[in-house]
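The values are calculated or read from the model by the stated rules, or taken from the named source; none is laboratory data. Being a predicted model, the structure only gives us computed values, none of them experimental. Cβ placement follows ideal geometry from the backbone for every residue including glycine, while neighbour counts extend to all protein chains displayed. Note: areas computed on protein heavy atoms with side chains; ligands, DNA, RNA excluded. Shrake-Rupley method; radii C 1.70, N 1.55, O 1.52, S 1.80 Å.
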Amino acid sequence: DVELPDGRHSFREFIKHPGAACVVPVLENGNLLMVLQFRYSLGQVFLEFPAGKSNRGEETAVTAIRELEEETGYLASTVQLLTKIHPVIGYSNERIDIYLATGLTPTKINRDHDELMELIEVPPEELRERIWSGEITDVKTQIAAFWFFRSSLSAKNEGSDF
């Protein structure tokens, strides 16, 4: 039961979410690290940027660094906030902070026991093609890509038009 802004009462179903981070990891050669991950809710594999929920009280920049290492086996010397999004405002307060990660150094992958994913390297132009062809439908990954292509790093490497 909720009280609406005009004082009336109604019923809403919603999910309270702790927040999350999504990371756009850029390798020295300009390519991007992405993961192929099976998503049970839709019963299919998605090509995504590394991402995950924040732990209680954890800043999303810390979440971004942690998730990057867990899912890809790389540490970043720099993470820069690109934008904040609310991907499902109709039924959740979830917020995802999207970061650009550079200065990557390999460490070791440390995934959760139930995470099944494959790490792949994707050139920016291929990412663009996969989005426009409809292959990449994950909203956080699409928005992160748009912000990557808008960033000055991308503009220096290949042009900023999307």
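Before moving on, here are some points about what is shown:
- Residues within the stretch 70-80 that are part of a strand (DSSP E or B), of a type in the set (Gly, Ala, Ser) and more than 24 Å from ILE131 (Cβ to Cβ), tallied: 1
- If you go through the stretch 22-54 and keep only what is of a type in the set (D, E, K, R), in contact (Cβ under 8 Å) with a residue 40 or more places away in the chain and closer than 15 Å to GLU71 by Cβ, you end up with just GLU48.
- With a requirement of 3 or more residues that are of a type outside the set (Phe, Trp, Tyr) and open to solvent by less than 60 Å² (accessible area, probe 1.4 Å), the strands (runs of 3 or more DSSP E) lying completely within the stretch 1-69 that satisfy it span 20-25, 32-39.
- Looking across VAL35, VAL24, VAL45, VAL2, one residue alone is in contact with a strand residue (DSSP E or B) (Cβ under 7 Å, 6 or more places away or on another chain) and within 19 Å of SER151 (Cα to Cα). It is VAL24.
- Taking the stretch 106-131 as the range and being in contact (Cβ under 8 Å) with a residue 12 or more places away in the chain and in a helix (DSSP H, G or I) as the test, the residues that pass are PRO124, GLU125, LEU127, ARG128, ARG130, ILE131.
- Residues that are modelled with pLDDT of 95 or more and open to solvent by 70 Å² or more (accessible area, probe 1.4 Å) within the stretch 79-96 comprise GLN80, LEU81, LYS84, HIS86, ARG95, listed in sequence order.
- Screening the stretch 97-129 for residues that are within 23 Å of ARG150 (Cα to Cα) and either β-branched (Val, Ile, Thr) or at pLDDT below 90 (or both) and picking the one that is surrounded by the most Cβ atoms within 10 Å (Cβ to Cβ) gives ILE98.
- When GLY90, GLY134, GLY57, GLY103 are screened for being among the small types (Gly, Ala, Ser), touching a Phe, Trp or Tyr at 6+ places or on another chain (Cβ under 9 Å) and free of Cβ contacts under 8 Å to residues at least 40 places away in the same chain, only GLY90 passes.
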